[in-house]
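The values are calculated or read from the model by the stated rules, or taken from the named source; none is laboratory data. A quick note: this is a predicted structure, and the numbers were derived from the prediction, not measured. Here Cβ is always computed from backbone atoms with ideal geometry, including for glycine, and neighbour counts include all displayed protein chains.
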Amino acid sequence: MNKDIKILAIETSCDETSAAVVLNGTKVLSNVIYSQIELHKKYGGVVPEVASRKHIEKVNPVIMEALEEAKTTFEELDAIAVTYAPGLVGALLVGVATAKALAFALGKPLIGVHHIEGHICANFIQNPEFVPPFICMVVSGGHTHLVNVKDYGEYEVLGKTRDDALGEAYDKVARAIGLGYPGGPKIDKVAKTGKGDAIVFPRAYLENDSYDFSFSGVKSAVLNYLNQMEMKNQEVKIEDVAASFQEAVIEVIVNKTIRAAKQIGIHKIALAGGVAANTRLREEMSKECEKEGFELLYPDISYCTDNAAMIGCAGYFDYLKGKRDGLELNAVPNLKLQSKV
């Protein structure tokens, strides 16, 4: 296809209202994000109803800002891409309704994008030469997926969490040790001054051949440790708890990812999702990949958290494959990642 393809993308799956204009899948002309973190901090986590109402308030101004920053008009767009699954249903509905209205009014194609696919495609934005196949470890507040990316839009989910997502576990542990929300970046920072071997927390590897994950056990172990220390009236070193928890979960994430790559015979690994911004995870995965001679890629931190640019990138590859959605497109809060072939 010789013609340039310009896509307006909308992302409202959780607590970020984002719009982006993306050219040919990887050139980001604008990527505007309104974060609700400050709004939800006092609740210790995202309140779905509050998130939905804020999306309604912000989505139109964010879209207009994205168009203005990209020096693009509605008429110059080739398609509208939007996250329709998975996520908070009320939040998703705001983005989907907005995208459908724009597609109908402008007579432009509508493309519904799976949120996890967006995270995977974030790796292509700054590195378009990084092409499938590769193994992608998707770790965020709502998802923990180990995916064999066979081709653009062609996925095999090797494993996923059976209980808490990794980011969710970070948030709960951070709350327990008094760090507050959001837990991921706060634990990452505090752990740098702690000892990762100070406390031995369990590593949940599950069955020998399993690529699934479980983080509820290590979370419970942290809570039990804190209760025991309180009953003994002993001082808790928060930095040691944070570092030891982080070592326990990252060891499992890294080992299972490397094992999957070796077993399948793929020498390229990518990280994706909000927790992919974690410095310790990047450090350990880099060390193990170097040891095995694997290529490792992870997005810039700005593309790790929820953003519309990654949705525009995924939407572009869907567009090339001829994917189009009708106005019956709806929000699907629990849709699994599926291959399109």
Scan segment 43-57 for residues that are touching a His at 6+ places or on another chain (Cβ under 8 Å) and closer than 17 Å to Gly167 by Cβ and jot them down.
-> Val46, Val47, Ala51
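Can you pull out the residues in segment 262-276 that are in a helix (DSSP H, G or I) and either charged (D, E, K, R) or surrounded by 22 or more Cβ atoms within 10 Å (Cβ to Cβ) (or both)?
Answer for segment 262-276, where residues must be in a helix (DSSP H, G or I) and either charged (D, E, K, R) or surrounded by 22 or more Cβ atoms within 10 Å (Cβ to Cβ) (or both): Lys262, Gly274, Val275, Ala276.
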Does any residue of segment 120-130 turn out to be surrounded by fewer than 23 Cβ atoms within 10 Å (Cβ to Cβ), in contact with a helix residue (DSSP H, G or I) (Cβ under 9 Å, 6 or more places away or on another chain) and farther than 16 Å from Met310 by Cβ?
-> no
Would you point out which residue out of Ala221, Ala270, Ala248, Ala204 is hydrophobic (A, V, I, L, M, F, W, C) and touching a Leu at 6+ places or on another chain (Cβ under 6 Å)?
-> Ala270
Search result, residues across segment 88-101 that are more than 16 Å from the chain's Cα centre (by Cα) and either free of Cβ contacts under 8 Å to residues at least 60 places away in the same chain or in a loop (DSSP other than H, G, I, E, B) (or both) = Gly90, Ala97, Ala101
Extreme residue, nearest to Lys160 (Cα to Cα), among residues of segment 210-245 that are out of contact with any helix residue (DSSP H, G or I) (no Cβ under 9 Å at 6 or more places or on another chain) and loosely packed, with under 13 Cβ neighbours inside 10 Å | Asn224
Taking Phe124 as the residue in question, decide whether it is of a type in the set (Phe, Trp, Tyr), over 27 Å from Arg53 (Cα atoms), in a helix (DSSP H, G or I) and out of contact with any Asp or Glu (no Cβ under 6 Å at 6 or more places or on another chain).
-> yes
Would you check which residues across segment 143-181 are surrounded by fewer than 22 Cβ atoms within 10 Å (Cβ to Cβ), assigned to a strand (DSSP E or B) and hydrophobic (A, V, I, L, M, F, W, C) and list them?
-> Val157, Leu158
If you go through segment 72-111 one residue at a time, how many are of a type in the set (Val, Ile, Thr), under 21 Å from Asp4 (Cα atoms) and in contact with a strand residue (DSSP E or B) (Cβ under 9 Å, 6 or more places away or on another chain)?
-> 4
Verdict on Ala270 being at pLDDT 95 or above, over 22 Å from Pro182 (Cβ atoms) and touching a helix residue (DSSP H, G or I) at 6+ places or on another chain (Cβ under 7 Å) | yes
Output the qualifying pairs, or none if there are none: Cβ atoms under 9 angstrom, residues six or more apart or on different chains, first residue in segment 240-268 and of a type in the set (Lys, Arg), second residue part of a helix (DSSP H, G or I).
-> Lys262/Glu292; Lys268/Ala261
State whether one or more residues within segment 15-25 are without any contact (Cβ under 8 Å) to a residue 60 or more places away in the chain and closer than 16 Å to Pro128 by Cβ.
-> yes
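Table: residues versus (1) in a loop (DSSP other than H, G, I, E, B); (2) modelled with pLDDT under 95; (3) polar (S, T, N, Q); (4) over 20 Å from Leu281 (Cβ atoms).
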residue	(1), (2), (3), (4)
Tyr211	yes, no, no, no
Val222	no, no, no, no
Tyr225	no, no, no, yes
Glu230	no, yes, no, yes
Glu239	no, no, no, no
Ala242	no, no, no, no
Gln246	no, no, yes, no
Ile250	no, no, no, no
Among what's in segment 314-341 and is within 13 Å of His114 (Cα to Cα) and among the basic types (Lys, Arg), pick the residue that is modelled with the lowest pLDDT.
-> Lys340
Among Gly196, Gly141, Gly178, which is the only one that is touching a residue at least 40 places away in the same chain (Cβ under 8 Å), at positive phi and not basic (Lys, Arg)?
-> Gly178
Inside segment 185-217, can you point out the residues that are under 20 Å from the mean Cα position of the chain (by Cα) and closer than 11 Å to Ala242 by Cβ?
-> Lys186, Ile187, Asp188, Lys189
Might you check whether a residue that is over 26 Å from Ile37 (Cα atoms) and either assigned to a helix (DSSP H, G or I) or hydroxyl-bearing (Ser, Thr, Tyr) (or both) occurs anywhere in segment 297-313?
-> no
State yes or no: is Lys108 over 20 Å from Asp318 (Cα atoms) and not small (Gly, Ala, Ser)?
-> no
